[in-house]
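Below is one structure; the comments refer to it alone.
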């Protein structure tokens with residue numbers, strides 16, 4: 001039986017899945033393959049991790065230990081390490097990662113390769129914390145890179161990442177407060193104030209209701225009982241509470257302080273993340289178009305809501321990584337957690353992208369989308385891929401379509 005991705009909507013078509021235990025075995029596998037792709041936590045919803053007829057490398061058994069450098073304030077981790085596990089280790093040593101995604105279950109390499117992010121006007125994507133990485137290139141050579149903006153968000157098109165070095169900051173505490181019923185008028189008129197109200201701020205909606213269902217504020221201060229007109233929640237909430245999902249798998253709320261790694265994610269490491277049986281899409285537009293983009297999607301809210309479990313609105317700071325959706329400036333993030341109805345979702349994607357096209361929209365690389373958007377350093381990335389992989393063994397159908405523009 002062939003293996004599938006996390007959501008079960010993609011069945012991998014690789015001829016073999018290998019599980020090397022050493023970096024030398026990774027190098028041998030890559031050098032001997034005609035088509036190869038690394039396989040992470042499988043938390044992707046398109047074919048970015050597939051390798052039709054080739055070899056997938058599951059690095060979860062790789063015999064590589066995490067190494068903490070206290071003087072440099074960095075941690076070097078194996079590619080298959082989960083953020084939730086790394087977080088515990090660095091916290092115990094008095095350090096923190098500046099940001100985490102909603103789910104702590106994903107592998108570091110897969111998260112970085114797709115520029116996955118958390119939330120916060122001043123918080124960059126998780127890929128921005130990478131100060132170095134090891135990469136096995138097409139000939140089996142092991143190369144080391146330090147702060148190379150073209151290599152970090154690689155989409156698997158440059159080689160197989162075996163180790164990454166992440167910058168750390170001093171450990172810190174946060175509280176998490178949830179508010180119900182924010183008016184759209186407040187969201188439009190005071191959007192930047194709302195996003196600046198915490199270390200991380202997320203708004204949850206289905207785009208069709210008259211108010212935004214919830215606002216999650218993660219910060220160090222007491223936001224009060226009234227949040228721009230929204231009222232403090234009287235108990236724990238799940239982002240998809242309207243779909244009847246209990247809050248058991250969510251991180252601690254109600255303003256109780258706790259360590260950064262137990263507050264920044266929305267979901268706990270020891271539970272099934274998010275809803276489980278779902279699909280996902282995410283789009284990013286420059287912050288200057290935030291209100292216009294939200295208004296554009298509200299205009300088709302009646303079409304989105306029947307297929308949605310929940311949608312999240314948040315912000316991400318810009319970076320200089322070549323294929324990062326945040327390259328060039330801060331962006332509004334519009335995330336969609338869909339019911340497992342892929343035909344209905346795919347029918348909506350061109351409609352949504354047409355609505356967002358005037359704002360320079362880019363999608364999340366690991367989720368469902370129609371068009372990849374424009375990147376000013378794309379030609380440079382293609383040249384780098386040609387240098388490291390001259391015969392195209394890492395050029396999966398996904399890479400050919402969305403990086404090289406092939407049909």
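Here, each number is a calculation from the coordinates, and none is a lab measurement. Quick caveat, the model's predicted, so the values are computed rather than measured. Every residue, glycine as well, gets a Cβ built from its backbone with ideal geometry; the counts of neighbours run over all protein chains shown.
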- [ ] In a Gaussian network model over the chain where Cα atoms closer than 10 Å are linked, find which of 87, 379, 38 has the largest mean-square fluctuation.
- [x] 379
Task: Packing-based exposure ordering (other Cβ within 10 Å, fewest first) of 55, 86 - done: 55, 86
Open item on the list: Of the candidates 101, 187, 72, which one comes out as most mobile in a Gaussian network treatment of the chain with C-alpha springs shorter than 10 Å?
Closed with: 72
Open item on the list: Please report the spacing between the Cα centers of the range 277-343 and the range 214-248 in Å, no decimals.
Closed with: 20 Å
- [ ] Measure nothing but the geometry: give the 0 to 90° angle between the long axis through the Cα atoms of 23-32 and the longest principal axis through the Cα atoms of the chain, rounded to 10°.
- [x] 70 degrees
Open item on the list: For Cα pairs less than 8 Å apart in space and 6+ apart in sequence, what is the mean separation divided by the residue count of the range 133-239, i.e. the relative contact order in percent?
Closed with: 26 percent
Task: Computed helical MRE - 222 nm, the chain, DSSP H runs ≥ 4 contributing -39500 (n - 2.57), nearest 500 - done: -5500 deg cm²/dmol
TODO: Between 291, 108, 30, find the one with the highest GNM mean-square fluctuation for the chain; connect C-alpha pairs within less than 10 Å.
DONE: 291
- [ ] Taking the Cβ of each residue in 211, 281 as the centre, tally the other Cβ atoms inside 10 Å and list the residues starting with the fewest.
- [x] 211, 281
Task: Shape category assigned to the range 173-363 from the gyration tensor of Cα positions, a/c cut at 1.5 - done: rounded
TODO: Order by neighbour count: 268, 231, 263, fewest other Cβ atoms within 10 Å first, most last.
DONE: 231, 268, 263
- [ ] Report the relative contact order of the range 173-363, percent, no decimals, based on alpha-carbon pairs under 8 angstrom and at least 6 residues apart.
- [x] 24 percent
TODO: Return a whole-number percent for the relative contact order of the chain, with Cα pairs under 8 Å and 6 or more residues apart as the contact set.
DONE: 18 percent
Task: Gyration tensor (alpha-carbon) shape descriptor, the range 222-273, a/c threshold 1.5 - done: oblate
- [ ] Compute the long axis of helix 83-92 from its Cα atoms, compare it with the longest principal axis of the Cα atoms of the chain, and write down the angle in degrees, 0 to 90, nearest 10.
- [x] 80 degrees
Task: Nearest-0.05 FRET efficiency for residue 173 and residue 344, computed from C-beta distance (R0 45 Å) - done: 0.60
